[in-house]
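Here the structure comes first, spelled out in structure tokens, and everything after it is commentary.
The values are calculated or read from the model by the stated rules, or taken from the named source; none is laboratory data. Note that this is a predicted model, so its numbers are computed, not measured. We place every Cβ from the backbone using ideal geometry, glycine too, and count neighbours over all the protein chains shown. Quick note on the areas: whole protein, heavy atoms, side chains included, nothing else; ligands and nucleic acids left out. Shrake-Rupley method; radii C 1.70, N 1.55, O 1.52, S 1.80 Å.
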Amino acid sequence: MKIAFVGKGGSGKTTLSSLFIRHLAAMGAPVIAVDADINQHLGPALGLDDEQAADLPAMGARLPLIKDYLRGSNPRIASADTMIKTTPPGEGSRLLRVRENNPVYDACARPVELDGGAVRLMVTGPFTEADLGVSCYHSKTGAVELCLNHLVDGRDEYVVVDMTAGSDSFASGMFTRFDMTFLVAEPTRKGVSVYRQYKEYARDFGVTLKVVGNKVQGQDDLDFLRAEVGDDLLVTVGQSDWVRAMEKGRPPRFDLLEEPNAAALRTLRSTADAAYAGRDWERYTRQMVHFHLKNAQSWGNAKTGADLAAQVDPAFVLRESVAAPA
């Protein structure tokens with residue numbers, strides 16, 4: 001299952017995504033955790049110290065390796081240099097699977113030990129001094145989008161992505177890559193404004209969206225969220241001594257998380273799991289192609305000097321049963 005956490009800056013989306021990742025690991029599920037927020041806070045939220053977080057390999061810095069591996073023997077892709085962030089897989093492409101080992105994971109993923117198990121963590125990489133004034137964060141997150149386009153995951157396998165803050169998530173087609181999107185919202189006008197934007201943008205793409213109310217302190221906060229987001233409100237999370245200790249770098253054992261918050265995490269997982277039955281690989285592939293063609297026409301053809309529409313394999317549908325190339 002591919003799951004995104006979105007929300008405005010400061011809403012607590014990274015904290016909630018890290019708690020959900022810990023919950024999945026404690027249940028023994030295989031998890032790939034991806035920090036696609038340019039602020040890069042997921043590693044520390046999972047217990048890494050500053051030095052360990054700084055040593056995580058940046059996916060954006062390893063884009064040539066990623067492209068070369070995923071291209072495989074796909075005859076429609078003339079070279080890795082002609083691949084862009086939206087390039088879809090086709091016959092001969094190499095696909096990524098959650099439980100396997102492969103050169104992309106070797107280069108870009110690092111195991112993070114949690115008290116309930118371990119997860120693979122991948123990060124886009126932070127903005128550097130060389131990026132200032134000449135790059136946008138999409139140059140970093142493109143590696144994540146390309147990997148998601150080539151990733152095949154099954155039931156009880158989880159890819160959890162901490163997305164960039166606010167409605168900037170819609171600057172690429174990555175927002176359509178998920179089975180479930182959890183939008184973290186505080187009980188404030190600003191807190192629900194991103195929800196309204198996300199709901200409007202996602203309406204035409206079949207994005208499954210549920211709201212997680214965060215920092216909810218009483219009935220008035222709950223009533224506010226219910227009035228503003230209606231049936232999209234799934235669960236609420238209140239203050240947590242466990243989270244406060246974690247943010248100080250001293251997390252207790254995860255099984256000591258307060259029961260109401262633990263119950264909220266169980267609801268998130270059961271809701272995400274229920275989305276599996278509604279998977280539509282044909283639509284998923286169509287949306288992938290749709291955004292690729294838009295990007296090709298807008299800038300990709302000019303940048304690469306190639307007709308990127310020719311990369312689309314009309315007979316290919318990404319699905320769990322796709323065989324790996326020989």
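Which of the residues that make up the stretch 62-83 are open to solvent by 10 Å² or more (accessible area, probe 1.4 Å) and touching a residue at least 60 places away in the same chain (Cβ under 8 Å)?
Of the stretch 62-83, the ones open to solvent by 10 Å² or more (accessible area, probe 1.4 Å) are 62-65, 67-69, 71-73, 75-76, 78-82.
Listed by number, the residues that qualify are Arg62, Leu63, Lys67, Gly72, Ser73, Arg76, Ala78, Asp81, Thr82.
Pro103 passes all but one of (1) at pLDDT below 95; (2) within 24 Å of Leu48 (Cα to Cα); (3) not hydrophobic (A, V, I, L, M, F, W, C); which number fails?
Result: Pro103 passes all but (1).
Output yes when any residue across the stretch 89-100 is modelled with pLDDT under 95, open to solvent by less than 60 Å² (accessible area, probe 1.4 Å) and outside any helix (DSSP H, G or I), and no when none is.
no
For residues in the stretch 113-124 being more than 14 Å from the chain's Cα centre (by Cα) and surrounded by fewer than 22 Cβ atoms within 10 Å (Cβ to Cβ), which is farthest from Leu96 (Cα to Cα)? Spell out the reasoning first.
Start the filter on the stretch 113-124 by keeping residues that are more than 14 Å from the chain's Cα centre (by Cα), which leaves 113-119.
From what's left, surrounded by fewer than 22 Cβ atoms within 10 Å (Cβ to Cβ): 113-118.
Values: Glu113: 22, Leu114: 24, Asp115: 27, Gly116: 25, Gly117: 22, Ala118: 19 Å.
Filtering the stretch 113-124 for residues that are more than 14 Å from the chain's Cα centre (by Cα) and surrounded by fewer than 22 Cβ atoms within 10 Å (Cβ to Cβ), the one farthest from Leu96 (Cα to Cα) comes out as Asp115.
Name the helices (runs of 4 or more DSSP H) wholly inside the stretch 1-81 in which the number of residues that are among the polar types (S, T, N, Q) is 3 or more. Write out each step before concluding.
Details: elements: 13-26, 42-45, 50-54, 63-71.
Helices (runs of 4 or more DSSP H) meeting the threshold: 13-26.
Being surrounded by 24 or more Cβ atoms within 10 Å (Cβ to Cβ) and within 23 Å of Gln239 (Cα to Cα) is the filter here; which residues of the stretch 24-42 pass it?
If the condition is that a residue be surrounded by 24 or more Cβ atoms within 10 Å (Cβ to Cβ) and within 23 Å of Gln239 (Cα to Cα), then Leu24, Leu42 are the ones that fit.
Are any residues in the stretch 187-205 open to solvent by 30 Å² or more (accessible area, probe 1.4 Å) and closer than 30 Å to Phe291 by Cβ, and if so, which ones? Quick ask: steps written out before the conclusion?
The first filter runs over the stretch 187-205 and keeps only residues open to solvent by 30 Å² or more (accessible area, probe 1.4 Å), leaving 188-190, 193, 196-197, 199-201, 203-205.
Residues satisfying the conditions are Lys190, Ser193, Arg196, Gln197, Lys199, Glu200, Tyr201, Arg203, Asp204, Phe205.
Restricting attention to the stretch 299-317, does a residue exist that is part of a helix (DSSP H, G or I), open to solvent by 80 Å² or more (accessible area, probe 1.4 Å) and not aliphatic (A, V, I, L, M)? Even if it seems obvious, please write down each step before you answer.
Residues of the stretch 299-317 part of a helix (DSSP H, G or I): 299-304, 308-311.
This time we only want the ones that are open to solvent by 80 Å² or more (accessible area, probe 1.4 Å), so: 299, 302-303.
Next cut, not aliphatic (A, V, I, L, M) only: 299, 303.
Scanning the stretch 299-317 turns up at least one residue that is part of a helix (DSSP H, G or I), open to solvent by 80 Å² or more (accessible area, probe 1.4 Å) and not aliphatic (A, V, I, L, M).
Can you tell which of Leu46, Leu56 is open to solvent by less than 20 Å² (accessible area, probe 1.4 Å) and not charged (D, E, K, R)?
Working: Leu56 fails: open to solvent by less than 20 Å² (accessible area, probe 1.4 Å).
Only one candidate passes the filter, namely Leu46.
Restricting to the stretch 275-293, name every residue that is among the acidic types (Asp, Glu) and without any contact (Cβ under 8 Å) to a residue 60 or more places away in the chain.
Glu282
List every residue pair whose Cβ atoms lie under 8 Å apart, where the two residues are 6 or more positions apart in sequence or sit on different chains, the first residue falls within the stretch 255-270 and is more than 17 Å from Gly28 (Cα to Cα), and the second residue, located anywhere, is in a helix (DSSP H, G or I) and of a type in the set (D, E, K, R).
What qualifies is Glu258/Asp241.
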